[in-house]
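Enquirer: Starting off with a structure, shown below.
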């Protein structure tokens, strides 16, 4: 089996207890973990190493498969298809419903995570930049913003680069709320959307809703709406806690002990101090290098080594003194 | 559960209040589309045909107009921005799904599909969205990405009504738009075979839906619904448009159940004029 060649799935690291912060990475992770495929997951990945310049990508031996569609095809061929246990009719419904959810939630996701300037600058850019290696983290998150511009232009008909009051976000919000209502009604009291077994539709719904529900954005109207649908909240939490027990990550560790608040403070304080220390060291080294370069340019080193041979007013009598010594 | 029911009720109430202020269907509703002879592209033709079929199924009168600038008059839309339905001086709607939503809002309880259960309604709505996506994206791919089709069919039609150099600019602009649409829907790296495969999967789903219950002759039961109109529009447009590369039509020809279904709708609404002749020609060619 090709799995022995060290198959590795590269994704972004998670946050807020989720296994990943990116919708496409989360979808690919669902494909893997729902079918219990024995593959490693690498979270400190370089997006530019993948063939297409984006995460997620799957590396088997020397071959790279970038993007959700290709990863799904590889898994289907390797014997871990996600729709294995569904009947034919359920398979067709799963594809149709997944497509419908994509049509309605994709634009909302891209607009409120990347398109809205306030959200992007305060939260999302930081999230992605921390998980991209230096020096790409300065410009790489903006590529997501450009992609979101295209998505919003095609699906919602307005341009993200216009002024904020020209953004027609209400239409997106209303559509998204209708989708959430329907999803809640379809799920009912069931464990998975199609009864007892997982499907691609569960993967897509979980990937969209988990991120929209857990992420703390300044402007996210759907978050409260999802909170109102208890069965969807249970669905998200169950999958996060059970299936992604090992991959869930949160930079602020919350403990249940009485000193829980102290522990969380210390952790966050430590993070703060670390970042301050880093900045101090880099700033100090940079300053020393800059001053040293300036001094060298000004010729301080020549002055230091030849100080013994100069007079009080700094005139160089080196040749005269040497002649006197010989005599 | 209670909370979500309240939320659903609140949303439906707000939309119902909007409906009460809607007028009835106007005496003359205008449907605008580009000229079929020299300007209309394949994805646009299927969308226009689907809307016309739906309006005929609902017995709603409308006047057809051939406008060169229909795509510029269109208020928006996700895929093709056509056809354009004008109900009053300011009320315009474009593309199949918004037009259907508007018709259902106006007709209220009498609309097509009101006899279906809530689950069936949801399924049909999802299938409509899925079918429209897959078929339109496949048609856009065939028209703009396939080289032979683009050079010989699409490019001349895009530039037909504009003088040079506007024609060249419009051609490039439309091609860029098409590529952007394919990229947003994540179809940009699919090659021909994969596109045909996607269409095949969709057709399988439709045939399975038809054959699920032997008693039903249409997707929604014994009477046609919006899904029938949509499938009819796309299938007929694909089968009857003469492209240099007819791979889509060849794939659809392998689903006789779908073609029989479309022929039945053709007989009842259009007196068999649209589909029969084209299909007979195809069968003669394959023999």
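A short reminder: the numbers here are calculations on the coordinates, not readings from a lab. The structure presented is a predicted model; accordingly, all values stated were derived computationally and were not measured. Ideal geometry is used to build each Cβ from the backbone, glycine not excepted, and the neighbour counts take in all protein chains shown.
Enquirer: With just the Cα atoms of the protein assembly as shown, tell me how far they stretch along each of the three principal axes, in Å, largest first.
Expert: Each principal axis gives a Cα extent; for the protein assembly as shown these are 127, 70, 58 Å.
Enquirer: Report the extension gain between residue A:118 and residue A:164 in nm, rounded to one decimal, defined as 0.36 nm multiplied by the number of residues separating them, less their alpha carbon distance.
Expert: Computed gain between residue A:118 and residue A:164 is 15.6 nm.
Enquirer: Just B:269, B:112, B:40 to compare: in a GNM of chain B, with alpha carbon springs under 10 Å, which one fluctuates most?
Expert: Of B:269, B:112, B:40, the most mobile in the Gaussian network model is B:269.
Enquirer: Computed over the Cα atoms, what is the radius of gyration of region A:3-93 divided by 2.2 N^0.38 Å, N being its residue count?
Expert: So the Cα radius of gyration is 1.08 times the expected 2.2 N^0.38 Å.
Enquirer: Going by Cα centres, region B:79-102 and region B:169-185 are how many Å apart?
Expert: Between the Cα centre of region B:79-102 and that of region B:169-185, the gap is 22 Å.
Enquirer: Fewest first, what order do B:60, B:206 take by the number of other Cβ atoms within 10 Å?
Expert: Details: B:60 14, B:206 22.
Neighbour counts put them in this order, fewest first: B:60, B:206.
Enquirer: Roughly what % of DSSP beta bridges within chain B run antiparallel, to the nearest 5?
Expert: Beta bridges within chain B, antiparallel portion: roughly 65 percent.
Enquirer: Shielding by partners for B:184-190, please: the mean number of other protein chain Cβ atoms within 10 Å of each residue's Cβ.
Expert: 4
Enquirer: Where the eigenvalues come from the Cα gyration tensor of region A:97-168, what are the semi-axes √(5λ) of the equivalent ellipsoid, largest first, in whole Å?
Expert: Calculated on Cα positions only, the semi-axes equal 23, 15, 10 Å.
Enquirer: On a C-alpha basis, how far is the centre of region B:111-130 from the centre of region A:55-94 in Å? Whole number, if you could?
Expert: Here the two parts' Cα centres lie 29 Å apart.
Enquirer: Relative to the compact-globule scaling 2.2 N^0.38 Å, provide the ratio for the alpha-carbon radius of gyration of region B:140-287.
Expert: After normalising by residue count via 2.2 N^0.38 Å, the value is 1.19.
Enquirer: Turning to a different aspect of this structure: If we sort A:88-94, B:118-124, A:106-112, A:176-182 on the protection proxy, mean other Cβ atoms within 10 Å, highest first, what's the order?
Expert: Most protected by this proxy first, the peptides run A:106-112, A:176-182, A:88-94, B:118-124.
Enquirer: Write down the radius of gyration of chain B and its Dmax, each obtained from C-alpha positions, in Å.
Expert: That works out to 19.3, 62 Å for Rg and Dmax.
Enquirer: While we're on this one: Using just the helices of the protein assembly as shown, give the 222 nm mean residue ellipticity in deg cm²/dmol: DSSP H runs with n ≥ 4 each add -39,500 (n - 2.57), and the total is spread over all residues, rounded to 500.
Expert: On the way: 24 runs with 337 residues, N = 614.
So the calculated ellipticity at 222 nm is -17500 deg cm²/dmol.
Enquirer: Percent antiparallel among DSSP beta bridges with both residues in the protein assembly as shown, to the nearest 5?
Expert: Restricted to the protein assembly as shown, the bridges split so that about 70 percent are antiparallel.
Enquirer: Would you mind telling me the antiparallel percentage of the DSSP bridges in region A:1-250, rounded to 5?
Expert: Here the antiparallel bridges make up roughly 75 percent for region A:1-250.
Enquirer: For the pair residue A:283 and residue A:241, how long in nm is the line joining their label points, each one 7 Å along Cα→Cβ?
Expert: Each label point lies 7 Å from its Cα, and together they span 4.3 nm.
Enquirer: Over the alpha-carbon set of region B:37-139, divide Rg by the Kirkwood Rh and report the Rg/Rh ratio to two decimals.
Expert: 0.96
Enquirer: Using Cα pairs closer than 8 Å and at least 6 residues apart in sequence, work out the relative contact order for chain B, in percent.
Expert: The normalised contact order for chain B reaches 21 percent.
Enquirer: Quick one: grab Rg to one decimal and Dmax as a whole number for region A:1-250, Cα atoms only, in Å.
Expert: Cα radius of gyration and Dmax of region A:1-250 are 17.7, 55 Å respectively.
Enquirer: Further question: For a footprinting-style exposure proxy, rank B:234, A:10, B:162, A:225 by other Cβ within 10 Å, fewest first. Write out the running numbers ahead of the final one.
Expert: Numbers: B:234 30, A:10 23, B:162 14, A:225 20.
The most exposed by this proxy come first: B:162, A:225, A:10, B:234.
Enquirer: From other protein chains only, count the Cβ atoms within 10 Å of every residue's Cβ in A:86-99, then give the mean. Don't skip to the end; give the middle numbers.
Expert: Numbers: counts 0, 0, 4, 5, 0, 4, 11, 8, 0, 8, 14, 7, 2, 10.
Partner-chain Cβ atoms within 10 Å, mean over residues of A:86-99: 5.
Enquirer: Taking just the alpha carbons, could you work out the radius of gyration and Dmax for region B:128-174, both in angstroms?
Expert: Both quantities, over Cα of region B:128-174: 12.6, 39 Å.
Enquirer: Can you put B:36, B:71 in order, fewest other beta carbons within 10 Å first?
Expert: Placing the least packed residue first, the sequence is B:36, B:71.
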